[in-house]
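Novice: I'd like to ask you about the structure that follows.
Bear in mind these aren't lab numbers, they're just calculated from the coordinates by the rules spelled out. If you're wondering where the values come from, they're calculated on a predicted model, not measured in any experiment. Every residue, glycine among them, receives a Cβ derived from its backbone with ideal geometry; neighbour counts consider all protein chains shown.
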Amino acid sequence: MQKKNLLASVEIPSLEPLDTVARRLESAIDGTSFEMDESGRYEEVPAFVARHAGSGSTFILFGIPDGEECDAYTLEFSAATDLSIGDFQETAPVFVKNFLCEKEANARGYLDYSDELASALTLKGISAATPVD
């Protein structure tokens, strides 16, 4: 079976401090704990990372780089699996199960769940939208 690369990217208004948004996401996304990234991996952008060990799902909440102004944070979701989407849902947190569905890969070869993630967060009371290109 071919590996499936799942991803999603949404913007969340930066009306609250980044750590407050991370705590709100933690409440909305069961089975996750957002920790401040101290590794320097994301260079000059503050980031909170949450990993779900059972499914290999990762959420990264990116803040606004020092010295820049922006009206939104970015939340990215990613996972890679050899399983069918149905079987992957069995290992994923309930929140992730609720927004995954069978779909075709996009032109880059990814299964893009940005719209579904934005809708799922909105249902949990967190304003989210897909980025405008």
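Novice: Based on the Cβ-Cβ distance of R108 and I85, what FRET efficiency does E = 1/(1 + (r/R0)^6) give at R0 = 22 Å, to the nearest 0.05?
Specialist: 0.80
Novice: Also, I was wondering about something else. Placing +1 at every Lys and Arg Cβ and -1 at every Asp and Glu Cβ, with all other atoms neutral, what dipole size does the chain have around its Cα centre, in debye to the nearest 20?
Specialist: For this selection, approximately 560 debye.
Novice: A further question follows. For a protection proxy built on the mean count of beta-carbon atoms within 10 angstrom, sort 120-127, 74-81 highest first, please.
Specialist: 74-81, 120-127
Novice: Contour minus end-to-end for S39 and E16, with contour as 0.36 nm per residue of separation and end-to-end as the Cα-Cα distance?
Specialist: Roughly 5.9 nm would be gained on extension.
Novice: Please give the helix 114-123 orientation as an angle from the longest Cα principal axis of the chain, in degrees from 0 to 90, rounded to the nearest 10.
Specialist: 70 degrees
Novice: Å³ per residue of the Cα convex hull, for the chain?
Specialist: Dividing the Cα hull volume of the chain by its residue count gives 116 Å³.
Novice: Measure out, as a whole number of angstrom, how far apart the alpha-carbon centroids of the range 27-67 and the range 92-133 sit.
Specialist: 17 Å
Novice: Under a cut-off of 18 Å between alpha-carbon atoms, report the lysines in cross-link reach of K97, not counting same-chain residues fewer than 8 places apart.
Specialist: Those lysines meeting the cut-off are K4, K124.
Novice: For the chain, what proportion of DSSP beta bridges, expressed in % and rounded to the nearest 5, is antiparallel?
Specialist: If I count the DSSP bridges inside the chain, around 90 percent turn out antiparallel.
Novice: Mind pulling the angle between the C-alpha long axis of helix 18-28 and the longest principal axis of the chain? Nearest 10 degrees, somewhere in 0 to 90.
Specialist: 30 degrees
Novice: Continuing with this model, one more query. At 0.36 nm per residue, minus the direct Cα-Cα distance, what do C70 and S27 gain on full extension? Give it in nm, one decimal, please.
Specialist: Extending this stretch completely gives an extra 13.0 nm.
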